[in-house]
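For reference, the structure is listed below as structure tokens.
Any read-out appearing in this document is the output of simple, stated calculations on the displayed coordinates, not a laboratory observation. For clarity, every value in this text was computed on a predicted model and none was experimentally measured. Don't worry about glycine lacking a Cβ; one is built from the backbone with ideal geometry, like all the others, and counts go over all protein chains shown.
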Amino acid sequence: MKKLGFVLFMLALALMLTGNALAQNVGDNSVYFVTYYSNANTTGAPDGVVRLINDGDQATTAGEGIENGPLWAAFYIFDDSEELRSCCACLVSADGLVSESINKQLTSDEFTGRGEMSRGVIKVVSSSTNDPTNPIATPGLRGWSTHIQATTNNNAGLTSIAPKGPWFVTETQLADANLGKVELGNLAESCSFGLTLGSGYGQCPCTPADYDF
């Protein structure tokens with residue numbers, strides 16, 4: 001009977017330790033979103049757009065005319081070689097909307113100086129700070145992204161590359177992703193290194209929603 005009690009105790013201890021380990025690795029899917037971009041900066045192709053809204057989750061009882069529950073969309077733009085090429089944090093006020101052009105904003109200013117990016121990954125953290133090198137994950141943003149798809153690819157391995165097209169545009173909601181401490185730290189650190197080594201290059205500009213509607 002004593003042996004059985006000891007075995008049960010050890011099993012309970014193992015489950016508790018495992019549960020703690022898993023809890024440390026569990027992310028938060030209410031503050032972190034991912035998508036991709038395709039055919040950006042491509043001749044003849046339309047521009048893609050990422051749109052973020054602030055759902056008011058951080059709203060306060062502040063009076064009229066006082067900033068109420070602002071958040072920042074911390075953007076991290078990767079190329080198809082999995083390298084971070086630009087980052088920024090764009091203000092999205094409560095019940096507000098921000099709309100970022102993929103060609104003219106998110107990929108227009110990058111720190112490596114290797115030219116235009118045509119496809120890759122976009123990661124967004126819903127943050128309570130305006131600093132992409134120090135995001136503080138805070139729920140309240142929701143987002144969508146358009147994707148530029150080529151209906152045909154006319155390059156059949158020929159020496160002269162024919163242009164792609166025609167094009168069509170799809171829009172999908174940004175995919176929820178689990179944001180763990182390691183990933184958040186990696187994004188912040190990579191952005192900091194990139195902006196520092198890029199001597200100011202690589203910070204994508206932010207504008208309110210305007211031209212693309």
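Counting other beta carbons within 10 Å of each residue's own, what order do Trp72, Trp144 fall into, fewest first? Mind showing how you got there, number by number?
Details: Trp72 26, Trp144 16.
Placing the least packed residue first, the sequence is Trp144, Trp72.
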- Query: Which ³J(HN,Hα) values, rounded to whole Hz and listed in residue order, are derived for segment 183-195 from phi using the Karplus coefficients 6.51, -1.76 and 1.60 in 6.51 cos²θ - 1.76 cosθ + 1.60 with θ = phi - 60°, glycine and proline given as x?
  - Reply: 5, 4, x, 5, 4, 5, 5, 5, 5, 4, 4, x, 5
- Within segment 116-155, which residues have the backbone N less than 20 Å from the label spot 7 Å out from Leu91 along Cα→beta-carbon, could you tell me? 125-142
- Query: How large is ³J(HN,Hα) for each residue in segment 92-109, as worked out from phi by the Karplus curve 6.51 cos²θ - 1.76 cosθ + 1.60 (θ = phi - 60°), to whole Hz, x for Gly and Pro?
  - Reply: 10, 6, 4, 6, x, 9, 10, 9, 10, 6, 6, 6, 8, 10, 5, 10, 7, 9
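Show me the ranking of peptides 88-94, 173-179 by mean Cβ neighbours inside 10 Å, starting with the highest. Working shown, then result.
Numbers: 88-94: 21.3, 173-179: 16.0.
Per-residue Cβ counts within 10 Å, averaged per peptide and sorted highest first, yield 88-94, 173-179.
Once R0 is set to 30 Å, what does the formula 1/(1 + (r/R0)^6) return for the Cβ-Cβ distance between Glu189 and Ala59, expressed as a FRET efficiency to the nearest 0.05?
Numbers: r = 31 Å, r/R0 = 1.05.
Efficiency, rounded to the nearest 0.05: 0.45.
What is the calculated FRET efficiency for Trp144 to Ser199, with r their C-beta to C-beta distance and R₀ = 30 Å, to the nearest 0.05?
Working: r = 33 Å, r/R0 = 1.11.
Calculated value: 0.35.
Fewest Cβ neighbours within 10 Å first, please rank Ile122, Ile102 accordingly.
Working: Ile122 22, Ile102 26.
So the ranking, lowest neighbour count to highest, is Ile122, Ile102.
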- Query: Could you give the nm distance between label points at Gln173 and Thr43, where each point is 7 Å from its Cα heading toward the beta carbon?
  - Reply: 3.9
